[in-house]
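The values are calculated or read from the model by the stated rules, or taken from the named source; none is laboratory data. Note that the structure is predicted; figures quoted are calculated from it, not measured. Positions of Cβ are backbone-derived with ideal geometry, glycine not excepted, and every protein chain shown enters the neighbour counts. Ligands, DNA and RNA are stripped out before the accessible areas are found, and what is left, the full protein with its side chains, is counted by its heavy atoms. Shrake-Rupley method; radii C 1.70, N 1.55, O 1.52, S 1.80 Å.
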Amino acid sequence: MKKDLGLLQAVYPMPVLIVAAYDETGKVNAMNVAWGQICDEDKIILFIGEGKKTWLNIKASKAFTVAPADEAHMDAADFFGIASGNKMDDKFERTGYHAVKSDRVNAPVIEEFPLVMECELLEFLHTDYVDGIVGKIVNVKAEEAVLDEKGRVDPAKLHALTFDTFQSGYYATGEKVGKAWNAGAYLMKK
């Protein structure tokens, strides 16, 4: 029997995405975003409130990068979520991390995260219920250490973090438990 829990953000897992953009002077800011998702073959949507430092930077630069946070860099990823770039001028510098300019878009690539999507701003969405940033993914870069023998990203090597909204925890991904578009295929034959 299920017990009523009231209103909860009951989607699990949530991604831990590090979004980075330059301000108008070329200064790097990064933030931790759990409310983001691929929304088309070459598009991503990030639900970032208007006025956040990264939102302002994306508005100014028209580009951003998105890196799934990984277990090895959990502390900095968490810090990017609890510190505000609007209140802390040296937020990125405090981590000791390094950023290089993307060769595809006007946005920083944080070198420590092993996988990154380079994105151009397509539009800001604003309705009565949602604020979002839609970006076109123009390229993906990955460290060889997280690739399999065919050159594809291997989740078991990436150890991407997921966010648990129930108990405010981070979990690392990696164990494959089934094959998509195959595990339930037998039900098609009934």
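Counting only GluC sites (Glu not before Pro) that are in a DSSP loop and have at most 13 other C-beta atoms within 10 Å, tell me the longest site-free stretch of the chain.
On the way: sites that count: GLU24, GLU41, GLU50, GLU111, GLU149, GLU175.
By the stated rule (loop sites, at most 13 other Cβ atoms within 10 Å), 51-110.
Given a 1.4 Å probe and heavy atoms of the protein chains only, how would you sort TRP35, TRP181, largest accessible area at the top?
Working: TRP35 125, TRP181 245 Å².
Output order, biggest surface exposure first: TRP181, TRP35.
If you take the square roots of the eigenvalues of the alpha-carbon gyration tensor of region 35-101 and sort them as a ≥ b ≥ c, do you get rounded (a/c under 1.5), prolate (a/b over b/c) or oblate? Numbers along the way, then the final one.
Details: a/c = 1.68, a/b = 1.24, b/c = 1.36.
Verdict is oblate for region 35-101.
Please give me the summed charge of the neighbours of TYR97: other residues whose Cβ is under 15 Å from its Cβ, Lys and Arg +1, Asp and Glu -1.
Taking every other residue near TYR97 into account, the sum is -4.
Given that just one value was derived from the coordinates, which of (1) 9, 33, 35, 17, 5, 1, 0; (2) 9, 36, 37, 15, 4, 0; (3) 8, 31, 35, 22, 3, 0 is P(r) over Cα pairs in 10 Å bins from 0, in percent?
From the options (1) 9, 33, 35, 17, 5, 1, 0; (2) 9, 36, 37, 15, 4, 0; (3) 8, 31, 35, 22, 3, 0, the structure gives (1).
Give the ranking of MET188, MET1 by solvent-accessible surface, highest area first, calculated with a 1.4 Å probe.
Descending accessible area places them as MET1, MET188.
Please give me, ordered by residue number, the trypsin sites (Lys or Arg not before Pro) of region 117-167 that lie in loop per DSSP and have at most 11 other Cβ atoms within 10 Å.
For trypsin sites (Lys or Arg not before Pro) across region 117-167 that sit outside H, G, I, E and B with at most 11 neighbouring Cβ atoms in 10 Å, the list reads LYS150, ARG152.
How much mean residue ellipticity at 222 nm does the chain get from its helices, if each DSSP H run of length 4 or more adds -39500 (n - 2.57) and you divide by all residues, to the nearest 500 deg cm²/dmol? Walk me through the numbers before you get to the answer.
Working: 4 runs with 26 residues, N = 190.
Computed mean residue ellipticity for the chain: -3500 deg cm²/dmol.
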